[in-house]
Amino acid sequence: MALLEHEHAPVYRSILGQIYHVLPRQIQDLHDETVEKTARGHVRIEGGGHGLNRFLARLFHLPKPSDDVPIELTRRIQGEKESWQIVFGDETLSFSQEIGKGRESGMVVGRIGPVTLPCAVRVRNNGLFFKQQGASIFGIPLPRFLWLRLCIREAVIDGHYVFDVTVDFPFVGRLLRCRGNLRTDSFIAMPDEV
């Protein structure tokens with residue numbers, strides 16, 4: 001689909017360039033230029049083992065641990081930004097992503113509340129791998145030893161889109177691990193608002 005003159009290329013296609021087109025169709029379906037898209041699947045959510053981990057997970061509005069949770073993901077393109085909303089059962093996590101500028105050029109910059117996490121995105125083993133490159137809170141860069149550590153992998157296994165997300169906190173350890181799938185044939189492309 002050709003983009004209209006006033007539209008922006010999607011974040012991932014802009015950052016990855018031509019290599020974007022070698023990704024499996026299921027990954028491209030999630031990140032393509034459709035203005036709004038919804039997908040459904042299931043996820044297993046693992047949390048940290050002690051009270052401080054659980055407290056910090058709640059502070060960052062991360063979902064509660066559960067073995068099999070229905071998940072609904074909605075992505076909206078708004079200019080050069082993508083807004084993401086993920087509903088885990090009855091809990092909702094919202095964040096945005098955009099193309100980095102300046103020192104963060106060539107990266108996907110994620111924002112969740114006052115926290116900003118720039119990530120390099122690489123194609124590996126026919127999927128996407130995100131490597132965190134920094135962290136700031138309220139626009140103030142944090143030293144590496146204080147970074148909230150985020151690791152994201154997207155892949156296609158046996159024709160199914162799968163993901164694995166971990167969030168670790170310095171000196172505390174694992175806050176969250178989400179492993180799940182989204183059915184790319186369940187993507188619902190929403191029409192542009194008139």
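The values are calculated or read from the model by the stated rules, or taken from the named source; none is laboratory data. Worth saying up front: this structure is predicted, and the values here are computed from it rather than measured. Don't worry about glycine lacking a Cβ; one is built from the backbone with ideal geometry, like all the others, and counts go over all protein chains shown. Surface areas here come from the heavy atoms of the whole protein model, side chains and all, with no ligands, DNA or RNA. Shrake-Rupley method; radii C 1.70, N 1.55, O 1.52, S 1.80 Å.
On inspection, Lys101 fails the criterion of being in contact with a Ser or Thr (Cβ under 7 Å, 6 or more places away or on another chain) and either open to solvent by 50 Å² or more (accessible area, probe 1.4 Å) or modelled with pLDDT of 95 or more (or both).
So if I check each of Val87, Val121, Val165, which one is modelled with pLDDT of 90 or more, surrounded by 13 or more Cβ atoms within 10 Å (Cβ to Cβ) and farther than 28 Å from Arg54 by Cβ? The unique qualifying residue is Val121.
Which one of these is open to solvent by 10 Å² or more (accessible area, probe 1.4 Å), within 19 Å of Tyr161 (Cα to Cα) and hydroxyl-bearing (Ser, Thr, Tyr): Thr92, Thr34? Explain how you work it out, then say what you get.
Values: Thr92 fails: within 19 Å of Tyr161 (Cα to Cα).
Residue meeting the stated conditions: Thr34.
Assess whether Val43 counts as being in contact with a Lys or Arg (Cβ under 9 Å, 6 or more places away or on another chain), open to solvent by less than 20 Å² (accessible area, probe 1.4 Å) and aliphatic (A, V, I, L, M). For Val43, the condition - in contact with a Lys or Arg (Cβ under 9 Å, 6 or more places away or on another chain), open to solvent by less than 20 Å² (accessible area, probe 1.4 Å) and aliphatic (A, V, I, L, M) - is met.
For Leu16, are the conditions met, namely being open to solvent by 20 Å² or more (accessible area, probe 1.4 Å), at pLDDT below 95 and within 25 Å of Leu146 (Cβ to Cβ)? Break it down stepwise before answering.
Values: open to solvent by 20 Å² or more (accessible area, probe 1.4 Å): yes; at pLDDT below 95: yes; within 25 Å of Leu146 (Cβ to Cβ): no.
No, not satisfied.
A count restricted to the range 58-84 and to residues that are open to solvent by 60 Å² or more (accessible area, probe 1.4 Å) and touching a residue at least 12 places away in the same chain (Cβ under 8 Å) stands at 10. Report, by residue number, each residue of the range 125-151 that is loosely packed, with under 12 Cβ neighbours inside 10 Å and in a loop (DSSP other than H, G, I, E, B). Listed by number, the residues that qualify are Asn125, Phe138, Gly139, Pro143.
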